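Input: a single structure, listed below in structure tokens.
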Amino acid sequence: MKTLFALLLSFGFLFGNDLGWSHDYKTAQEKALKSKKLIYTLITSESCKWCRKFESTTLQDEKILKRLYKEFEVVHLSRDKDSIPKEFETSPVPRHYFTNAKGDILYSSLGHRGVECFESFMDNAQDDTKADK
């Protein structure tokens, strides 16, 4: 029972609006301009089992969550119900995009990724930004 409660609590933590997951890319761009952060955009669909797996594994890792919230503006878009920028591919999913506030795609990936692989994606996006300076 405790495990079920912890799982429900962590799911709410992950996708709760009060913690910064936006469902509007333009709003995230505005925040990124002010915060000087990159944007991480996750595109999923309602019926995607790999999306749910990514959300329930990698995005439940405490280290990943802390780093995402500290270093990125985060956006979660469903291709089934949200407005998605035309430069983002939406099939297949899950899709991951790291962009700057101007909307330039710095790094992108497709599919479920484990914690170590996802951390390297974050590193690559940030390294690409540092190389541009």
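Under 8 Å between Cβ atoms, at least 6 apart or on separate chains: pull out the pairs that start in region 61-78 with a residue that is touching a residue at least 60 places away in the same chain (Cβ under 8 Å) and closer than 12 Å to Tyr40 by Cα and end on any residue that is of a type outside the set (Gly, Ala, Ser) and buried (at least 16 other Cβ atoms within 10 Å of the Cβ).
Pairs that qualify, where the first residue is touching a residue at least 60 places away in the same chain (Cβ under 8 Å) and closer than 12 Å to Tyr40 by Cα and the partner is of a type outside the set (Gly, Ala, Ser) and buried (at least 16 other Cβ atoms within 10 Å of the Cβ), are His76/Trp21; His76/Thr41; His76/Leu42; His76/Thr44.
Condition check ((1) surrounded by fewer than 16 Cβ atoms within 10 Å (Cβ to Cβ); (2) at pLDDT 95 or above; (3) among the charged types (D, E, K, R)) across all residues:
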{"residue": "Lys86", "(1), (2), (3)": "yes, no, yes"}
{"residue": "Val93", "(1), (2), (3)": "no, yes, no"}
{"residue": "Leu106", "(1), (2), (3)": "no, no, no"}
{"residue": "Gly114", "(1), (2), (3)": "yes, no, no"}
{"residue": "Asp123", "(1), (2), (3)": "yes, no, yes"}
{"residue": "Asp127", "(1), (2), (3)": "yes, no, yes"}
{"residue": "Asp132", "(1), (2), (3)": "yes, no, yes"}
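Residue-wise test of (1) at positive phi; (2) part of a loop (DSSP other than H, G, I, E, B); (3) in contact with a helix residue (DSSP H, G or I) (Cβ under 7 Å, 6 or more places away or on another chain).
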| residue | (1), (2), (3) |
| --- | --- |
| Lys70 | no, no, no |
| Glu73 | no, no, yes |
| Asp80 | no, yes, no |
| Lys86 | no, yes, no |
| Tyr107 | no, no, yes |
| Asn124 | no, no, no |
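Filter region 33-55 down to the residues that are among the charged types (D, E, K, R) and within 21 Å of Glu116 (Cβ to Cβ), then identify the one that is surrounded by the most Cβ atoms within 10 Å (Cβ to Cβ).
Glu55
Sort out which residues of region 91-119 are closer than 20 Å to Lys66 by Cα and of a type in the set (A, V, I, L, M), and write them in order of number.
The answer is Val115, and nothing else.
The values are calculated or read from the model by the stated rules, or taken from the named source; none is laboratory data. If you're wondering where the values come from, they're calculated on a predicted model, not measured in any experiment. Virtual Cβ from ideal backbone geometry, glycine too; neighbours counted across all protein chains shown.
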